[in-house]
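The values are calculated or read from the model by the stated rules, or taken from the named source; none is laboratory data. The shown structure was predicted, so the numbers you read here are calculated from the model rather than taken from an experiment. Cβ sites come from the backbone with ideal geometry, for glycine too, and all protein chains shown count toward neighbours. Side chains included, ligands, DNA and RNA excluded: accessible areas come from the protein's heavy atoms. Shrake-Rupley method; radii C 1.70, N 1.55, O 1.52, S 1.80 Å.
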Amino acid sequence: MAFVGLSRPYVAKLVNEASKTYSNCFRCGKAISLSVTPNYNEVKLYADNVLDEYVKEFKDGTISLGTDRLPSVAQTVMFGHTVTTSAGGDTIVYKSNDNSEYVGIGFVVDEVLDGTKTYTATIIHKCKFAEAADSYTTKGDSIEFKTPTVEGAIAALSDYTWKTVKTFLSAEGAEQYIQTTLGYTS
């Protein structure tokens, strides 16, 4: 299998772990990059001078999401900031005691296997993002794009689920699965 594309990132606030319910789902810009790195606890037991038992279990993970933009709703749902909308645009107030929320994130990955293209919907059920550092550059002889990348920590739900992956024959089917799982309403 070869991954040949990434699209359609959605984020939603985790409301209830046991029932895997989410609220305030939104499309989180257009995907540029995404990486998921799981971390594991490992233990080895040696007996009679040989490896007798080996256990490797999911512990936590990290996630990094690069998008073309973070919509204003991300500031509230992901980071706990206050957003006020007016005719002139959105005002975002950042306070030192704002707390990031646990969210679920879904995205579509295009895959090719033996010449057949499929679309994989991936849901990371529980993660908490931290805001990225802001970096700006003035226009000079050339124009340079600056896009946001947010990083977070992945945790397992109370039933030990941390990720769900489902394959579809169309990108629309994969996107619909993500929208349904994360409670997206247009």
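If you check Val55 against the conditions, is it at pLDDT 90 or above and open to solvent by 40 Å² or more (accessible area, probe 1.4 Å)?
Yes.
Might you check whether a residue that is more than 17 Å from Thr181 (Cα to Cα), open to solvent by less than 70 Å² (accessible area, probe 1.4 Å) and part of a strand (DSSP E or B) occurs anywhere in the range 14-31? Within the range 14-31, one or more residues are more than 17 Å from Thr181 (Cα to Cα), open to solvent by less than 70 Å² (accessible area, probe 1.4 Å) and part of a strand (DSSP E or B). Please determine whether any residue of the range 40-49 is within 12 Å of Ile105 (Cβ to Cβ) and open to solvent by less than 50 Å² (accessible area, probe 1.4 Å). Scanning the range 40-49, I find no residue that is within 12 Å of Ile105 (Cβ to Cβ) and open to solvent by less than 50 Å² (accessible area, probe 1.4 Å), so the answer is no. If the condition is being polar (S, T, N, Q) and in a loop (DSSP other than H, G, I, E, B), then the range 149-162 contributes Ser158, Thr161. Restricting the range 163-186 to residues that are within 18 Å of Ser23 (Cα to Cα) and part of a loop (DSSP other than H, G, I, E, B), the residue that is modelled with the lowest pLDDT is Ser186.
The set of residues from the range 94-121 being polar (S, T, N, Q), in a strand (DSSP E or B) and surrounded by fewer than 15 Cβ atoms within 10 Å (Cβ to Cβ) comprises just one member, Thr116. Of all residues in the range 158-186, those that are loosely packed, with under 12 Cβ neighbours inside 10 Å have Cβ atoms under 7 Å from Cβ atoms of residues that are acidic (Asp, Glu), 6 or more apart or on another chain, in Ser158/Glu17.
So, in the range 138-164, of the ones that are within 14 Å of the chain's Cα centre (by Cα) and not β-branched (Val, Ile, Thr), which residue ends up nearest to Asp60 (Cα to Cα)? That would be Ala155.
When restricted to residues that are open to solvent by less than 50 Å² (accessible area, probe 1.4 Å), farther than 25 Å from Thr161 by Cβ and assigned to a helix (DSSP H, G or I), the range 58-86 contains 2.
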